[in-house]
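The values are calculated or read from the model by the stated rules, or taken from the named source; none is laboratory data. In this text, all values refer to a predicted model and were calculated from it rather than measured experimentally. Neighbour counts are summed over all protein chains in view; Cβ atoms, including those assigned to glycine, are modelled from backbone coordinates with ideal geometry.
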Amino acid sequence: MRQPLGRGDAGQAFPIYITVVAGLLFLAFAYLAVGQAAANRNGAQTAADAAALAAALDTRDQLADLWVTDVLDPTQWQDIFDGVVGGIEPSCWRADELAAQNDADANCAATGPLAYTVEVQTNKSVGDSIVPGTEDRHSVASATAVIEPLCTFELLGPGAVDDVLPELTCKDGTNWKLDPDDLAELPEPQDLFDVHLADGQANDE
């Protein structure tokens, strides 16, 4: 038959109980600190992704507008699709704007005629926790957005009729047969170019 604990046994068990509870509380606070850091990194990556995409989308829209302007001059089309054409204004201001909306600072750069890379740092730190120094640590993340031309064409030969434009063949299976006398319906920017993220990385500093 089990004997009840005496006062001596209970006194010995109490410090063990306190130690176990303290250990569990430490683990709980440690997990909370890890969660805070992960949430801050996720916020930084979201801000970087949005900023890079915003810059790329602004350039995409400018390229599409230039294509519409030069639609009657097919010799300009390839340079527009390649992004190597004059008249394109820098788009990093859109990255700065989107980062600010996500409570972060951005460092944006064009990494090619059809790509932008943005690094952001959160204005909000990881926050106070049992991990020393987290109150001064800010999450940093980077993302690259790429503009991809979706359509191809073949310039007509020297014997072609002057008022015939090349046909656009696009990756979604659409063929645009353009009539120079009726340009009421033209491809939209999203028909001509795709914008997507290439990569991204987040960490704490």
So residue 77, is it hydrophobic (A, V, I, L, M, F, W, C), in contact with a helix residue (DSSP H, G or I) (Cβ under 9 Å, 6 or more places away or on another chain) and surrounded by fewer than 16 Cβ atoms within 10 Å (Cβ to Cβ): no
Residue that is nearest to the chain's Cα centre (by Cα) [pool: residues in the stretch 102-117 that are part of a strand (DSSP E or B) and closer than 14 Å to residue 58 by Cβ]: 116
Answer residue from the stretch 187-202, given it is at pLDDT below 95 and either of a type in the set (Gly, Ala, Ser) or in a loop (DSSP other than H, G, I, E, B) (or both) and is farthest from residue 43 (Cα to Cα) among those: 198
Number of the condition not met by residue 86 [criteria: (1) free of Cβ contacts under 8 Å to residues at least 12 places away in the same chain; (2) outside any loop (DSSP other than H, G, I, E, B)]: (2)
